[in-house]
Each structure stands twice: as structure tokens, then as C-alpha cells.
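Following: one structure in C-alpha cells, then a few remarks.
The values are calculated or read from the model by the stated rules, or taken from the named source; none is laboratory data. Computed from a prediction, not measured in an experiment: that's the story for all the values here. As a convention, Cβ positions derive from the backbone with ideal geometry for all residues, glycine included, and neighbour counts pool all protein chains shown.
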């Protein structure tokens, strides 16, 4: 593994490990901040899932779920276990978390608005880092490239076998 990945993954994960702990520790307080978002999203998620899937309606449960996901995926990213998947999971938790906690557009106080904009921009930067990590193939070809080349190689192999078969018969 490249030294840059060895250092960058734990550094990127550190925010999510700390945030996940805070989400679990202070879930009721944090839930008050995100309640407007969870109140709007929970019914939409419930409508989009099969009837057998229980979708929590209270903000505290959503905060705890987010915290647990951030801890698990953050630990996986920091240790290099399934780094692409863990980065994608962290990005998926970051979007609603940012929208719930840093609603700068609602702040009336200029100082508070500025502070929330800084946090929003920080989270946007983290999302960019997670996107890079989620798409990082560590110098190896990605799945789409491998699939297209496998098809090309199979066609070439089939054509070669066909030519050999015609020569053997003819």
C-alpha cells in the first residue's frame, strides 16, 4: 500500500470516528438539531421501502444509526478494510448529516450564519475526499474496465477458436 493511502485513510476517517462517538453519546441533543430533516425524510424513506422494513420515525434513532454507521465505516476506512465501500457509506451519512446540522441558510445571526457556512464547506470538502477514496482503485483497473476488457478478450478468444476449428475441419 502506498504511504499516502496509509496516512490519508486514517486521517480522513478520524472526523467520522469522532463524530460517530458524539452522535451516540449525545443523540437526544443532536436529534433536536436534525429533527426538521428527519421529520421530512422518514416518511419518504418509509414510502420507498417494502412494507416489511421498519423505518424509524424519531430523530434520536436516526442520529444513533448515523453514528453507528460512521463508527463502523470510519474504522474500516482507517484500517484499510473495504476502503471504497466504507468511503461510500461515510459519504452517504455525510450528506443528510450536513443538511441537518449546518443549515446556514436558516441562520439569522450573521456570526452564526458564517460559522455554519464554514462547517458546511468543511463537510463538502470531506465529501470530495470521500469521493476520491470511494473511487480509488489503488492503481488497479476498476470493475467497469475489467468487465469491458473481459468481454473483448472473450470475443477474441472465440474468434481464434472458430478459426482453429475451421482449419481443423477444412
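Listed by position, the helices (runs of 4 or more DSSP H) contained in segment 65-170 that have at least 1 residues being out of contact with any strand residue (DSSP E or B) (no Cβ under 6 Å at 6 or more places or on another chain) and exposed (fewer than 10 other Cβ atoms within 10 Å of the Cβ) are 110-135, 143-169.
For residue 13, the criteria (1) surrounded by 18 or more Cβ atoms within 10 Å (Cβ to Cβ); (2) in contact (Cβ under 8 Å) with a residue 60 or more places away in the chain; (3) farther than 18 Å from residue 129 by Cα hold in every case but one, which is (3). Might you let me know whether segment 11-19 holds any residue that is modelled with pLDDT of 90 or more and outside any helix (DSSP H, G or I)? Looking through segment 11-19, none of the residues is modelled with pLDDT of 90 or more and outside any helix (DSSP H, G or I).
So for segment 44-56 (the condition being within 19 Å of the chain's Cα centre (by Cα) and either under 21 Å from residue 17 (Cα atoms) or surrounded by 14 or more Cβ atoms within 10 Å (Cβ to Cβ) (or both)), does at least one residue qualify?
Yes, segment 44-56 contains a residue that is within 19 Å of the chain's Cα centre (by Cα) and either under 21 Å from residue 17 (Cα atoms) or surrounded by 14 or more Cβ atoms within 10 Å (Cβ to Cβ) (or both).
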